[in-house]
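All remarks here apply to the structure that follows.
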Amino acid sequence: MSEQKVLVAGSGKSGIAAAKLLLKIGGEVVLYDGNEKLEAEKLKAQFDEGAKVTVVLGELSRTDLLGVELSIISPGIPLDAPFVAVLDEAKIPIWSEIQLAYHVAKGKLIAITGTNGKTTTTALTGEIMKSYFEEVFVVGNIGIPYTETALDTTEQSVTVAEVSSFQLETIMDFHPNVSAILNITPDHLNRHGTMENYIEIKERVTINQTAEDCVVLNYDDPVLKEFGEQETLKPEVLFFSSTQVLKEGLYLEGTMIVYAHGGKKEDIVDVRELQLLGKHNHENVMAAVAMSIRMGVPMDSIRRTVKEFKAVEHRIEFVLERCGVKYYNDSKGTNPDAAIQAIRAMPGPTVLIAGGYDKYSEYDEWIESFGDKVKYMVLIGQTRDKIAECARQHGFTEIMYAEDMAEAVRVCAAYANTGDNVLLSPACASWGMFDNYEQRGEIFKECVRNL
């Protein structure tokens, strides 16, 4: 790939990281972004002076592709974007940035995907790896692009990557030693079209794995149970379950996480010793433990790390307690299923902030999960009317609107009593009002601290 001319589509964090990697290995970059309002000079300023980078903004033409042999597409760009047709017509291969990173990286690779729980599981798995291995990189959607660290890896490295369906769409020989699919529920159907297509893309994480590799799957997810039982699946399957006793795999027995293997049962950890709230987090722990066992980490290291591990930022993150009311930031709850888990994890009556960008999700099951726990719901963003209508259809009428996060937090503080919880768990993406879910969570926390 050195000395090749490569088009990098997308000028966000992952696009810039991919471009820098290509330049480091001697390539030439055409940095393309469909947003013609961006400033080419500002984009070029992110690279060293004299770097072989050409910036193209707005519409992409065939002449922009002269000499281009490969294209790297950032995960936020859909494959039906108009410029992709220009690439296809020119017969230029399209790779995801994780494919590019894998192509130049060394060492062992763990890849974690699923609709919900990826970030927590990736962070925990990374911490377990760091307790035993000297060189560990934790990358992907969790914040550091894989392309940013790929050239720093060695044969002794372990890379733990959180990978999304967007990234798995355009992999070629991407080959994790251990993979995990945590769960599959409807999400990003505005991008992937059908549930069947979304499932097929998630399952692609195993496509290049061999019999020497392992995939960790959720036995309680009907789609993944069926997938794991297919005779054509090449890697070894290690199941985990929070509802069933397994002959082989990890499962929850009362409050104890148990590992069944070779006819023996081994107690791993009592969930009451964990610092993570909710059954979904117990599943995340089981998945992380399963991957760590497969990577050869001693059980003492695994136990110690899972007991010490705290919730990641923006995922049912405790912010503070004020006037007897506890505030929780679950800005990463960007779809209804993730938001259901957050509500279940709340220790008592809850005032909920929800709403945001419309990903064509259905909200019925989420509203039904409120039960007696959610007292009031404060809605913000593009989806607020759609959510309010759905809530009323299910008999939930304690609904208020807010124009921004500051107003939403003030309303919650006014309506919450001592012993209640205030939860930001939007069930929607952040776009429109915020740049990303991290910014949404930070603004929520700032508003809470300013009460």
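The values are calculated or read from the model by the stated rules, or taken from the named source; none is laboratory data. The structure presented is a predicted model; accordingly, all values stated were derived computationally and were not measured. All Cβ positions, glycine included, derive from the backbone under ideal geometry; neighbour counts span all protein chains shown.
If you check I98 against the conditions, is it closer than 30 Å to F240 by Cα, touching a Gly at 6+ places or on another chain (Cβ under 8 Å) and either buried (at least 18 other Cβ atoms within 10 Å of the Cβ) or of a type in the set (A, V, I, L, M) (or both)? In short, yes. Taken over the stretch 131-153, the criterion of being assigned to a helix (DSSP H, G or I) and crowded, with 17+ Cβ neighbours inside 10 Å is satisfied by Y146, T147, E148, T149, A150.
Of the residues S301, S361, the single one that is part of a loop (DSSP other than H, G, I, E, B) and either under 24 Å from F239 (Cβ atoms) or in contact with a helix residue (DSSP H, G or I) (Cβ under 6 Å, 6 or more places away or on another chain) (or both) is S361. Only one entry in A211, A290, A311, A260 is under 15 Å from T121 (Cα atoms) and either modelled with pLDDT of 95 or more or assigned to a helix (DSSP H, G or I) (or both), namely A290. For T63, state whether it is among the hydroxyl-bearing types (S, T, Y) and not assigned by TED's automatic domain parsing to the domain that holds E169. Here the answer is yes, as T63 does meet what is asked. Those residues that are farther than 18 Å from E313 by Cβ and in contact with a Phe, Trp or Tyr (Cβ under 9 Å, 6 or more places away or on another chain), I need them from the stretch 130-147; list them, please. Within the stretch 130-147, F137, Y146 qualify. Just one of the listed residues (E169, E162) is of a type in the set (D, E) and buried (at least 20 other Cβ atoms within 10 Å of the Cβ), namely E162. Please specify each residue of the stretch 33-64 satisfying the condition of being out of contact with any helix residue (DSSP H, G or I) (no Cβ under 9 Å at 6 or more places or on another chain) and either among the hydroxyl-bearing types (S, T, Y) or assigned to a loop (DSSP other than H, G, I, E, B) (or both). If the condition is that a residue be out of contact with any helix residue (DSSP H, G or I) (no Cβ under 9 Å at 6 or more places or on another chain) and either among the hydroxyl-bearing types (S, T, Y) or assigned to a loop (DSSP other than H, G, I, E, B) (or both), then N35, E36, K37, L38, E39, A45, E49, G50, G58, T63 are the ones that fit. Cβ separations smaller than 6 Å between residues 6+ apart or across chains give the following pairs from the stretch 85-100 residues that are of a type in the set (S, T, Y) to residues that are part of a loop (DSSP other than H, G, I, E, B): S96/T170; S96/I171.
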